[in-house]
Structures are given as structure tokens and as C-alpha cells.
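Nothing in this text is a laboratory measurement; each read-out follows from the coordinates by a stated rule. Model, not experiment: these values are computed from the prediction. For neighbour counting, all protein chains shown are included, and Cβ atoms are generated from backbone atoms with ideal geometry for every residue, glycine included.
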Amino acid sequence: MGKSRGGPRDTLARLFLDVTGELPDDASVLRMRRVSGALNLRDNDALWSVLVMLEYYGRLYEVMPERIRRAGAGSLDVVRTEARAATDVLMAQHRDALARCKATIELAERMTGEHEARYRAALAELDRQALSVLVERASGRLARMVGNRLVAVTAMAAREQRQRLDAAAASCERGVMRRVVRACYGLMVCALVVLLLAAGAGW
């Protein structure tokens, strides 16, 4: 490590480079020399390697917060980007689901309207058929009632006409008989007159 207690700077820097793969800065060299002076290290002391590693880790601890901050900022940006992308995907899926729901609702409304129209048409057809059946039944019943009334009226009229004819025939017979009786009476009177005249002439 050289003749000095802390070792020459180039030797210390070479050891630091060999152990850590990096060159030390002035602050690291000063800290290692201060520690080696406090520990009274010799040039060939094995603790130099330990001291170099401790300094290396000390430097890492110094720069680690900044690295963590940068990494955190980068991670936060990545998280924001991923969250934004995931949100966009979810919003697209949500819009697609809303569109499908709207299409489903429109289809259901259209099918409901078609079913309602067919139902109304079926009800109208049933009403028409029922009305036709009722009209036919009412017409048949009315025809039977009218026929029965006509038969009854015709029978009554025929009975009354027969009674009138019977009465007229009886009246006619009585008139004819009276005329026949009167004619007979007239003939008898004429015969008596003739007989009387004949008898008077004979006398």
C-alpha cells in the first residue's frame, strides 16, 4: 500500500477499483485515510480490503436514497401509465358493456312490442270469432222464435178463419133452408090455389 500510514492515493484508488470496480472520489479517500489512521493500519494490513468494502457500501448508502427516489419516480410513472392504460381498457369495456346492454334493451323492447301486437291481433281475432258465434247463435234463436211465433199466429189465424168459414157456412145453410122452406110454402100455396081453382071450375 506504499510507505505512508494510509497508503498512497494511487495505490488506495487501485485497491478500491480492484475491489469495487469503481474509482473512489476525494471524500472516500479522505474517509478511508481517517479510519486507517484511527485504527493505525499498516500497508499490508488485511483490514484495508474490509475498509474499502465499507467505504463502497457507505457510498451506496449515500446514493441509495436518490436512486430509490428516481426508481420510485420511474415506478410511479410506470404505475400511472399502467393505471391509465388499465383505466382506458376498463372504460372501453364499460362502454362496450353499456352498448350491449342498450342493444339488449332495445331488442327486448322490440320483441315486447311485437309480442304485444300479436297478442292484440289474436285477441281481436278471438273477439271477432266470438262475436260471429254469438251473432249466429242469436240469429238462430231469433229465427226459431220468429218461426214459432209465425206458426202460432198462422195456426191462430187459420183457426179463426175456419171458425169464420164454419159460421159463414152455417149461416148460408140456414139462409138456403129458409129459402127452400119459403119456396116449398109458395109451391104448396100455389098448388092449393090451383086445386081450388080447378075445383071451382068443376063445380
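Suppose R0 equals 22 Å. What FRET efficiency, 1/(1 + (r/R0)^6) with r the Cβ-Cβ distance, do ASP26 and ILE68 give to the nearest 0.05?
Numbers: r = 25 Å, r/R0 = 1.14.
That gives a FRET efficiency of 0.30.
Could you give me the ³J(HN,Hα) list for the range 111-123, computed from phi with Karplus coefficients 6.51, -1.76, 1.60 and θ = phi - 60°, whole Hz, x at Gly and Pro?
So the J values, rounded to whole Hz, are 5, 5, x, 5, 4, 5, 5, 5, 5, 5, 5, 5, 5.
Working out 0.36 nm times the residue gap between TYR61 and CYS190, then minus their Cα-Cα distance, what length gain in nm do you get to one decimal? Please report the intermediate quantities before stating the final value.
Details: separation 129, 0.36 × 129 = 46.44 nm, distance 18.47 nm.
Here the segment from TYR61 to CYS190 would lengthen by 28.0 nm.
To the nearest 0.05, how large is the calculated FRET efficiency for LEU134 and THR154 if R₀ is 41 Å and r is the Cβ-Cβ distance? Mind dumping the intermediate values first?
Numbers: r = 29 Å, r/R0 = 0.72.
E(calc), rounded to 0.05, equals 0.90.
Name the residue from GLY72, ILE105, VAL189 whose Cα lies farthest towards the positive end of the charge dipole of the chain, charges +1 on Cβ of Lys and Arg and -1 on Cβ of Asp and Glu.
Of the candidates, VAL189 comes out farthest on the positive side.
Let me see the pair-distance distribution of the range 9-91: every alpha carbon pair, 10 Å bin width, integer percents in order.
P(r) for the range 9-91, in whole percents per bin: 16, 34, 17, 13, 11, 7, 2.
Output the 0 to 90 degree angle, nearest 10, between the alpha-carbon long axis of helix 9-20 and the longest principal axis computed from the alpha carbons of the chain.
30
Per-residue ellipticity at 222 nm for the chain, helices alone: DSSP H runs ≥ 4 residues times -39500 (n - 2.57), over residue total, nearest 500 deg cm²/dmol? Each step should come with its number before you reach the end.
Working: 3 runs with 182 residues, N = 203.
That calculation yields -34000 deg cm²/dmol at 222 nm.
Which option, (1) 20.3, 64; (2) 73.6, 234; (3) 28.4, 108, is the value of Rg and Dmax of the Cα atoms in Å that was calculated from these coordinates?
This structure yields the entry labelled (2).
Taking +1 at the Cβ of each Lys and Arg and -1 at the Cβ of each Asp and Glu, which of ALA152, TYR57, THR81 sits farthest along the dipole of the range 19-176 towards its positive end, judged by Cα position relative to the Cα centre?
ALA152
Relative to the present Cα-Cα distance, how much length would full extension add between ARG144 and ASN40 at 0.36 nm per residue of separation? Provide the component values of the computation, followed by the final result.
Details: separation 104, 0.36 × 104 = 37.44 nm, distance 14.33 nm.
In short, 23.1 nm is gained.
To test your reading of the geometry: what angle, between 0 and 90 degrees and rounded to tens, separates the Cα axis of helix 26-39 from the longest principal axis of the chain?
Between helix and principal axis, roughly 60 degrees.
To the nearest 20 Debye, how big is the dipole of the range 9-91 about its Cα centre, given +1 on the beta carbon of each Lys and Arg and -1 on that of each Asp and Glu?
Once rounded to the nearest 20, the dipole reads 200 debye.
Suppose every Lys and Arg Cβ carries +1 and every Asp and Glu Cβ carries -1, with no other charges. What dipole size does the chain come out with about its Cα centre, to the nearest 20 debye? Numbers along the way, then the final one.
Values: 32 positive and 24 negative charges, 389 e Å.
It works out to roughly 1860 debye.
Once Lys and Arg get +1 and Asp and Glu get -1 on their Cβ, which of LEU17, LEU123, MET91 lies farthest toward the positive end of the dipole of the chain?
LEU123
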